[in-house]
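The values are calculated or read from the model by the stated rules, or taken from the named source; none is laboratory data. Just so it is clear, the model here is predicted, and its values are computed rather than measured. Please note: Cβ atoms are built from the backbone with ideal geometry, for glycine as well, and neighbour counts cover all protein chains shown.
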Amino acid sequence: MRLVQRTVAAPDELGSGMIGIPAGSDLELDLRLEAVMEGVLVSGAIHGEAVGECVRCLDRVVETVDATVQELYVYPEKADAAASNGDDEDEDVRELDGDLVDLEPALRDAVVPALPFRPLCRPDCPGLCSECGARLADDPDHTHELLDPRWAALGSLQGPDDEKRES
């Protein structure tokens, strides 16, 4: 058994369209590598910082990401033996490459589901005005006088006497 703590650069496209961990930013790995009969069991925690946009107001959102990973990397001869025996239930088996493990697919599998599906800058974000795009958090009393288009034609029927009455 070996404990490994490393800070590595995040791979490209680690996230979704709205939020993700920027490529090259720091990912902290606290891993435990254990030798087992089939290969090496890698388990531990991943810590990073995701950057994205609020789904309501499009402001910048920064979220701390804490994910756990647990992945078995099998010895190549064990994977070959399982394949020759017709054991097709483990199609996504990860193999050791000599003494090395490729953690990137396991990182993706752990980090992407841990990201918020709908990131928000704050839980009560009011978003943007649907008419003009103004940020509603800056002006909570923001409104528009909307005239129902079915009644808009009646506005043209207003005569000169009606204007005097309104004054």
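Report, by residue number, each residue of the range 45-101 that is modelled with pLDDT of 90 or more and among the acidic types (Asp, Glu).
GLU49, GLU53, ASP59, GLU63, ASP66, GLU71
Six or more apart or on different chains, Cβ atoms under 6 Å: show the pairs whose first residue is in the range 1-16 and within 15 Å of VAL65 (Cβ to Cβ) and whose second is part of a strand (DSSP E or B).
Pairs that qualify, where the first residue is within 15 Å of VAL65 (Cβ to Cβ) and the partner is part of a strand (DSSP E or B), are THR7/ASP26; THR7/GLU28; VAL8/LEU27; ALA10/ILE21; ALA10/LEU27; LEU14/GLY20; LEU14/ILE21; GLY15/ILE21.
Go through (1) surrounded by fewer than 15 Cβ atoms within 10 Å (Cβ to Cβ); (2) of a type outside the set (Lys, Arg); (3) touching a Phe, Trp or Tyr at 6+ places or on another chain (Cβ under 8 Å) for GLY24 and report which single condition fails.
Result: GLY24 passes all but (3).
Just wondering, is there one or more residues in the range 19-32 that are in contact with a Pro (Cβ under 7 Å, 6 or more places away or on another chain) and either of a type in the set (A, V, I, L, M, F, W, C) or more than 15 Å from PRO105 (Cα to Cα) (or both)?
Within the range 19-32, one or more residues are in contact with a Pro (Cβ under 7 Å, 6 or more places away or on another chain) and either of a type in the set (A, V, I, L, M, F, W, C) or more than 15 Å from PRO105 (Cα to Cα) (or both).
Could you list, in sequence order, the residues of the range 52-80 that are closer than 18 Å to PRO11 by Cβ and either in contact (Cβ under 8 Å) with a residue 60 or more places away in the chain or in contact with a Phe, Trp or Tyr (Cβ under 7 Å, 6 or more places away or on another chain) (or both)?
GLY52, the sole residue that qualifies.
Within the bounds of the range 36-51, is there any residue that is more than 21 Å from GLU13 (Cα to Cα), touching a Gly at 6+ places or on another chain (Cβ under 7 Å) and in a loop (DSSP other than H, G, I, E, B)?
For the range 36-51, residues more than 21 Å from GLU13 (Cα to Cα), touching a Gly at 6+ places or on another chain (Cβ under 7 Å) and in a loop (DSSP other than H, G, I, E, B): absent.
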